[in-house]
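The structure appears right after this line, and notes come after that.
The values are calculated or read from the model by the stated rules, or taken from the named source; none is laboratory data. What you see is a predicted model; the values in this text were computed from it and never measured. Quick reminder, even Gly has a Cβ in these numbers, built from the backbone with ideal geometry, and neighbours come from all protein chains shown. When the accessible area is computed, the model is the full protein with side chains, heavy atoms only, and any ligands, DNA or RNA have been set aside. Shrake-Rupley method; radii C 1.70, N 1.55, O 1.52, S 1.80 Å.
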Amino acid sequence: MRLTSAPIASEPAAAPGRAGLPWLAALNEAQRAAVETTDGPLLVLSGAGTGKTRVLTTRIAHILRLGLARPPEILAVTFTNKAAREMKDRVAGLVGPVAEGIAFMGTFHALAARILRVHAELVGLRPNFSILDTDDQLRLLKQLIEAEGLDLKRWPARYLAALIDGWKNRALPPAKVPKGDAGLFGEGKAIDLYRQYQERLSLLNACDFGDLLLHNLTIFQTHEDVLSTYQQRFRYILVDEYQDTNVCQYLWLRLLAQGHMNLCCVGDDDQSIYRWRGAEVDNILRFESDFPNARVIRLEQNYRSTPTILGAASGLIAANESRLGKTLWTERPDGDPLRVLGHWDAEEEARAITDEIESLQTRGHALDEMAILVRASFQMREIEDRLLMLGLPYRVVGGPRFYERAEIRDANAYLRLIHQPDDDLAFERIVNRPRRGIGDTTLSEIARYARAGRLSLTSAARQLVTTDDLAARARTAIAAFLGDLDRWRLAARTLRHTELAELVLDESGYTAMWMADKAAEAPGRLENLKELVRSMDGFETLEAYLEHIALVMEREEADPGPRVSLMTMHAAKGLEFETVFLAGWEEALFPSQRTLDESGQAGLEEERRLAYVGITRAKERAFISFAANRRVHGTWQAALPSRFISELPSDCVEIVTQPGLHTGGARFEETPRFESRAPGPGWQRMKAAAERGAWGHARGRPPEIEGHARLVGTSDPSAARFSIGERVFHKKFGYGRVVEVDGNKLGVDFEHSGVKRVIDTFLERH
């Protein structure tokens, strides 16, 4: 689907000369057209790095300076408070203190709250209503769930909160929720619980964030006089990041715009990457049909990236069918091609990235101008460990560092308490996590007793469970917890520390807690826990692992100097760096298999938009890497390069050969779940490089992965079975002898690691 841009060469006949409009001097032709088109609906398709913020702020200044509207008659909407502050500051720089009169400049929720305060009685609230935060919302939902006799472990409040938020994003009050959605929670009670929740909020004179816009809609749709007032008041409406709006925000804007029809939406359909939190890319795709007289102006001159980076990103995103289309260009000189590197595994990938960072640093490149972008947060662990080992300062953008994440701290607290029973901080952290019925009152009593007797919390708890000082229920819960700790300490004498960690996370109910949690971040937390267990395999003992963690957590963070940025690609939107490293471009990881399974073709296109966002963060150079092998749930699996690599134009890509890697004579046959087009020249170059030894599997052909890769026509001699007694070498475990043969699975007694079960393709004869 494509829209036809309106011509931008002509100008309004009555427009003043540009000499009298100095604020237009710094704009290019398309930007100036977007600023000067002041009548009627306007969609500004703003590609990455094309100056959309300058257009928005200059447009507001233009309207004010020409006297087309007074400051209170302008509505400017953003998605973040930071963006709103930046917009106001830039407008003030153009028009001076008059910018303070733009009262309705802010986020959707902030502006909706202002309107709701004035008309709260129309939806059963008083003007001094409270806005619940997440904790208050969950507490209220838990009360309602328990009152219905439902098990909170099976039906967690976070899942219901996510459902309700989704309905509100789609502008659905309880009465409009499809009846089929009732079965999504609580054995058919989902909609009724939503209704009870709204009734309870009304009694409390409160609302949640989703209510702010939903109540606005209710008022506008049922009170035409109120709607008319705001329609006439706002002569000009400007919206930033329009591609990220949800249904409720879209309806709110559309109603308000009906008065003067001077709606200007700025956005980029190719950067719509928040579908999982309600964003509807269709809002921007159907702009012309929603507003038949709309003008569409494309901002295509990029001021950020080299032509090579833009060419790679444009070639990739062209595979998407649901887009309006634009062609980014720049006057900058050609730059280096994107370098695509294949690695044996994730650890080697992390080494290559950090080695390149060190090399760039020695050549005078600032760490602040380098970023590592990953698809999933669990990928950060190997990279963080490598950065720490090399002493390269870094920051995690949009979240805590790996070992600082709540779920990782919890898991480590369990292990610390098993290793050191007197670790009071660890005891306090996990004694009631997951919930065991050990509340703050009980913990306070244990702490008081411990202080009086100069005991550790564990010792104090052991003594108190033999008395009547604690309530019977609390005594039972504490005794069970202490019994678990004793059993795990006994198991630690015989189990390897990785197996112990898995046992503790399972038997404690901690893993089950996150599996039952239906919040959007829960799957990521589970992946992080799996990555934690996997990371422990690199240490000989539990003590060695805990010492490593202690040293990592003790690193000083006071140094304000330059740092490498590490983040997910979602967190990178809106940022830019001289050098960008894009790690983990493998099938099933990126594009995410879960996204493909849940959303099909729409999910694939959003994943491709995410890849486009990642590439366009780079100004000068970009590195794309993938691992030929990755451990998934503790098992080594072979991986194919991401299909997105095959879609990169060949003249924008350089394949970098990695010494020592080869395919063992195997030939890959691509079998993607969703085929959008024939493999492009980039993929042909990838396959050719594989045959030359650019990447592949250094230990013979990799194990087959159902649905992701097939190996055909192999004649690899190392695929023959090993015999008991043969001496072998494994890249990770070193030298050993085969003691068991079960098909392609071998038992090997390694000299330094004991007996391990491994796949024969990961071994070499010695």
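Quick rundown of the values:
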quantity: Identity of the residue in the stretch 294-313, surrounded by 22 or more Cβ atoms within 10 Å (Cβ to Cβ) and among the hydroxyl-bearing types (S, T, Y), that ends up farthest from D39 (Cα to Cα); calculated: T308
quantity: Subset of the stretch 252-289 (residues that are among the small types (G, A, S) and without any contact (Cβ under 8 Å) to a residue 24 or more places away in the chain); calculated: S289
quantity: Selection within the stretch 186-244 - touching a Lys or Arg at 6+ places or on another chain (Cβ under 9 Å) and of a type in the set (A, V, I, L, M); calculated: I191, A206, L213, L214, L238
quantity: Verdict on I438 being assigned to a helix (DSSP H, G or I) and either small (G, A, S) or at pLDDT below 90 (or both); calculated: no
quantity: Scope the stretch 116-144; condition charged (D, E, K, R), outside any helix (DSSP H, G or I) and touching a helix residue (DSSP H, G or I) at 6+ places or on another chain (Cβ under 7 Å); matching residues; calculated: R126
quantity: Out of A479, A492, A474, sole residue that is closer than 24 Å to E507 by Cα and open to solvent by less than 30 Å² (accessible area, probe 1.4 Å); calculated: A474
quantity: Matching option when the condition is open to solvent by 70 Å² or more (accessible area, probe 1.4 Å) and assigned to a helix (DSSP H, G or I), among K82, K153; calculated: K82
quantity: Filtered residues of the stretch 455-469 (kept if over 24 Å from G509 (Cα atoms) and part of a loop (DSSP other than H, G, I, E, B)); calculated: L455, S456, T466, T467, D468, D469
quantity: Qualifying helices (runs of 4 or more DSSP H) (wholly inside the stretch 506-614; at least 2 residues being within 18 Å of the chain's Cα centre (by Cα)); calculated: 522-536
quantity: Flag if W252 is closer than 17 Å to V123 by Cα, aromatic (F, W, Y) and either modelled with pLDDT of 95 or more or out of contact with any Lys or Arg (no Cβ under 7 Å at 6 or more places or on another chain) (or both); calculated: yes
quantity: Unmet criterion (only one of (1) open to solvent by 50 Å² or more (accessible area, probe 1.4 Å); (2) under 25 Å from S314 (Cβ atoms)) for T330; calculated: (1)
quantity: L500 being surrounded by 18 or more Cβ atoms within 10 Å (Cβ to Cβ), within 30 Å of G754 (Cα to Cα) and among the aliphatic types (A, V, I, L, M); calculated: yes
quantity: Conditions (1) part of a helix (DSSP H, G or I); (2) modelled with pLDDT of 85 or more; number of the one not met by A452; calculated: (2)
quantity: Selection count, the stretch 248-264, where residues are under 27 Å from V177 (Cβ atoms) and surrounded by fewer than 18 Cβ atoms within 10 Å (Cβ to Cβ); calculated: 3
quantity: Among residues of the stretch 391-426, those that are out of contact with any Asp or Glu (no Cβ under 9 Å at 6 or more places or on another chain), surrounded by 17 or more Cβ atoms within 10 Å (Cβ to Cβ) and in a loop (DSSP other than H, G, I, E, B), counted; calculated: 3
quantity: Residue in the stretch 210-230 that is touching a residue at least 12 places away in the same chain (Cβ under 8 Å), at positive phi and polar (S, T, N, Q) present; calculated: no
quantity: Unique match (being among the polar types (S, T, N, Q) and open to solvent by 40 Å² or more (accessible area, probe 1.4 Å)) among T467, T458; calculated: T467
quantity: Which numbered condition R594 misses (of (1) out of contact with any Pro (no Cβ under 9 Å at 6 or more places or on another chain); (2) open to solvent by 10 Å² or more (accessible area, probe 1.4 Å); (3) at pLDDT below 95); calculated: (1)
quantity: Test for L711: is it surrounded by 11 or more Cβ atoms within 10 Å (Cβ to Cβ), at pLDDT below 80, at negative phi and in a strand (DSSP E or B); calculated: yes
